[in-house]
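The values are calculated or read from the model by the stated rules, or taken from the named source; none is laboratory data. Since we're looking at a predicted model, the values are computed, not measured. Cβ placement follows ideal geometry from the backbone for every residue including glycine, while neighbour counts extend to all protein chains displayed. Each accessible area value is taken on the protein alone, full model and side chains, heavy atoms only, with ligands, DNA and RNA left out. Shrake-Rupley method; radii C 1.70, N 1.55, O 1.52, S 1.80 Å.
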Amino acid sequence: MAKMWAGRTSGETDRIADDFNSSIRFDSRMYRQDILGSIAHAAMLARRGIIGEGEGETLIAGLQGILADLESGALAFDMSCEDIHMFVEQELTNRIGDTGKRLHTARSRNDQVALDLRMYLRDEIGEIQPAICSLIEALCSRAAEYRATIMPGYTHLQRAQPITFGHHLMAYAMMLLRDRDRLADCCARMNGGSPIGCCALAGTTYDTDRRGEAADLGFSDICRNSLDGVSDRDFCLELMSDLSILMMHLSRFSEELILWSSWEFKFIELPEAYTTGSSIMPQKKNPDMAELIRGKTGRVYGDLMALLTTLKGLPLAYNKDMQEDKEAVFDAVDTVKMCLFVMTPMIAGMKANADRMKQAAQGGFINATDLADYLVKKGMPFRSAYKISGELVALCLREGKVLETLPLATYKTFSDLFEEDLYTDIDLTTCVEKRISEGGTSIASVDAQIAYVKEQLG
Ligand code: ARG
């Protein structure tokens, strides 16, 4: 079909080239932002007397009609259009005649697409943030439930010290809280620069009102350099960086869910609705959803790397390469939302196996630090206490015993400082309860963490 930009050239391009060039397949999802942007633009043009008042009204009514019809399904996208911007303008001109051709005064698709994308992504952030909050809420309520459930805490995936399951879950709540706040920062920066009015690259000779138009569209400021406004996509990169960090957190958590639900650990059971069976091994209950979240993390990192790479050698200002921004950032946003929507009910329905956790906590000498601390309390320097505690662990290992049941007489052969009260100090419940330092694993501390996170959620 003949192009809207036909003029210098005939506008006749090869069909394969057309398909290659076109972005309507993926940018049609920004129709709402595109139309709202155009309505604000028409209003600004009329306000400034760049077009007639009546013309402004006609444009706005036409655009509102298109928006309503797209939303009701009465109007379908014309996939032969090059992009969403061309489609809306073509449809407008079909509906209201030549006045439609006035809309594109004092703007270009270069500033238009930069505007649409910012508006679209801030709306998406508005959906991702509450999804993160729901997951945080699920974590808080599960943590409250398991605030006294003892499990081994690990370093190097070796049993290290006793903690509660609630404490472990709250670690993820803290990470996700920062993820939410990072997105808020990103959104504020995205909103801090309206590109509309930068036009093709150099601004315009018309007496436009960029600030008024930006304010109408909910921006707090405008891009102060027109070349920058049409050519940078750092807001996409920033969002994808934030989403990559979020996915990294979800992936680590998924990895733990996968480990914990294995027969080797059996710490948790995932709800059946979020696991699958094997087609040939009847005994299996596979944590597919957690694995997919872990797997999709690579995909979101890939989206970020793809756009970073696309942009790295581009001269100012707009280059068609930049059309590649959308598929990457849309994919990242869609993927993150899906992962959050699956993760939240999976966590809400997960069951912990407190007995198994306790058993594992008892088996790994994870109270050895507390045994050393006991001697320190009685006056021994930590380094010497550490050595004795280590020797006692070695003795237990040789003789197939645990610290809790080793007789006091044996303890006495290592140090006179040992008394009957050592058994209370190395009891796992005491070990957890003694960790009262702020942010530690004691029940009171976990409760304080939950209260803090809930307050942050508002
Ligand atoms: N579809 C284009 C994109 O996504 C819109 C901007 C086109 N501008 C241009 N000068 N060809 O980037």
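On the protein heavy atoms, probe 1.4 angstrom, tell me the percent of accessible surface of the chain carried by carbon and sulfur.
Values: 11310 of 21170 Å².
That share works out to 53 percent.
Taking the Cα centre of the chain as origin, work out the dipole magnitude from +1 charges on Lys and Arg Cβ and -1 charges on Asp and Glu Cβ, in debye rounded to 20. Write out the running numbers ahead of the final one.
Numbers: 50 positive and 67 negative charges, 210 e Å.
Around 1000 debye, computed over the chain.
What whole-number distance in Å separates the alpha-carbon centres of the stretch 122-177 and the stretch 364-391?
What the calculation gives is 30 Å, centre to centre.
Considering only DSSP states other than H, G, I, E and B, which GluC sites (Glu not before Pro) in the stretch 422-455 qualify as loop sites with at most 12 other Cβ atoms within 10 Å? Show your work: numbers first, answer last.
Details: sites: Glu433, Glu438, Glu455; in loops: Glu438.
Passing both the DSSP loop test and the Cβ count: Glu438.
Gain in length, His156 to His104, computed as 0.36 nm per residue apart minus the alpha-carbon separation, to one decimal in nm?
On the way: separation 52, 0.36 × 52 = 18.72 nm, distance 6.06 nm.
Value of the extension gain: 12.7 nm.
Relative contact order for the chain: what percent, with Cα pairs under 8 Å and sequence separation of 6 or more? Present the calculation step by step, with values, prior to reporting the outcome.
On the way: 621 pairs, mean separation 74.3, N = 458.
Relative contact order for the chain comes out at 16 percent.
Note the full-extension length gain between Ile245 and Ala144 as 0.36 nm times their separation in residues minus their Cα-Cα distance, in nm to one decimal.
33.8 nm
From the P(r) of the chain, can you give the percent of Cα pairs sitting at distances over 39 Å? Let's see the in-between values first.
Numbers: 44878 of 104653 pairs.
Counting pairs separated by more than 39 Å, the tail of P(r) holds 43 percent.
Can you give me the angle between helix 31-47 and the longest principal axis of the chain, using Cα atoms only, in degrees from 0 to 90, rounded to the nearest 10?
The angle comes out near 50 degrees.
For a Förster distance of 56 Å, can you work out the FRET efficiency between the beta-carbons of Ala448 and Arg29, rounded to the nearest 0.05?
Details: r = 43 Å, r/R0 = 0.77.
So, using R0 = 56 Å, E works out to roughly 0.85.
Suppose each label sits 7 Å from its Cα in the direction of the beta carbon; what would the Leu397-Arg189 distance come out to in nanometres?
4.9
Highest first, please rank the peptides 345-358, 11-24 by the mean number of other Cβ atoms sitting within 10 Å of their residues. Mind dumping the intermediate values first?
Values: 345-358: 17.1, 11-24: 12.7.
Averaged packing, sorted descending, gives the order 345-358, 11-24.
Ignoring everything except DSSP H segments at least 4 long, calculate the 222 nm mean residue ellipticity for the chain; use -39,500 (n - 2.57) per segment, divide by total residues, nearest 500. Mind dumping the intermediate values first?
Working: 19 runs with 284 residues, N = 458.
It comes out at -20500 deg cm²/dmol, rounded to the nearest 500.
Round to the nearest 0.05 the FRET efficiency obtained for Glu438 and Asn21 when R0 = 51 Å and r is the Cβ-Cβ distance.
Values: r = 59 Å, r/R0 = 1.15.
Calculated value: 0.30.
Which value, in Å², gives the accessible area per residue of the stretch 167-279 when a 1.4 Å probe is used on the protein heavy atoms? The partial results should precede the final answer.
Values: 4730 Å² over 113 residues.
Using a 1.4 Å probe on heavy atoms only, each residue of the stretch 167-279 averages 42 Å².
In Å², and per residue, what accessible area does the stretch 7-96 have when probed at 1.4 Å with the other protein chains present?
On the way: 4350 Å² over 90 residues.
Per residue, the stretch 7-96 has 48 Å² of solvent-accessible surface.
Note the angle between two axes, namely the Cα long axis of helix 288-311 and the longest principal axis of the Cα atoms of the chain, as a number of degrees from 0 to 90, rounded to the nearest 10.
50
What's the magnitude of the charge dipole for the stretch 1-116 around its Cα centre, counting Lys and Arg as +1 and Asp and Glu as -1 at the beta-carbon? Answer in Debye, nearest 20.
Values: 13 positive and 19 negative charges, 64 e Å.
In total the dipole reaches around 300 debye.
Note down the accessible area of Glu137, probe 1.4 Å, to the nearest 10 Å².
Here the accessible area works out near 100 Å².
Counting only residues 5 or more places away or on other chains, whose amide H sits under 5 Å from the amide H of Ile222 once H atoms are built in the peptide plane?
Ser194
Tilt of helix 234-260 relative to the longest C-alpha principal axis of the chain, in degrees (0 to 90, nearest 10)?
Helix 234-260 sits at roughly 30 degrees to that axis.
Could you check what % of the DSSP bridge pairs in the chain are antiparallel, to the nearest 5? Walk me through the intermediate numbers first.
On the way: 9 of 10 bridges.
Restricted to the chain, the bridges split so that about 90 percent are antiparallel.
Exactly which GluC sites (Glu not before Pro) in the stretch 254-295 are in a DSSP loop and have at most 13 other Cβ atoms within 10 Å?
Numbers: sites: Glu255, Glu256, Glu264, Glu269, Glu272, Glu291; in loops: Glu264.
Sites meeting the loop and neighbour criteria: Glu264.
Note down the accessible area of Met86, probe 1.4 Å, to the nearest 10 Å².
That residue has around 20 Å² of solvent-accessible surface.
At 1.4 Å probe size, with every protein chain present, just tell me what the per residue accessible area of the stretch 298-392 comes to in Å². Show your work: numbers first, answer last.
On the way: 4370 Å² over 95 residues.
Roughly 46 Å² per residue, with all protein chains present.
Contour minus end-to-end for Phe265 and Ala6, with contour as 0.36 nm per residue of separation and end-to-end as the Cα-Cα distance?
Numbers: separation 259, 0.36 × 259 = 93.24 nm, distance 6.68 nm.
In short, 86.6 nm is gained.
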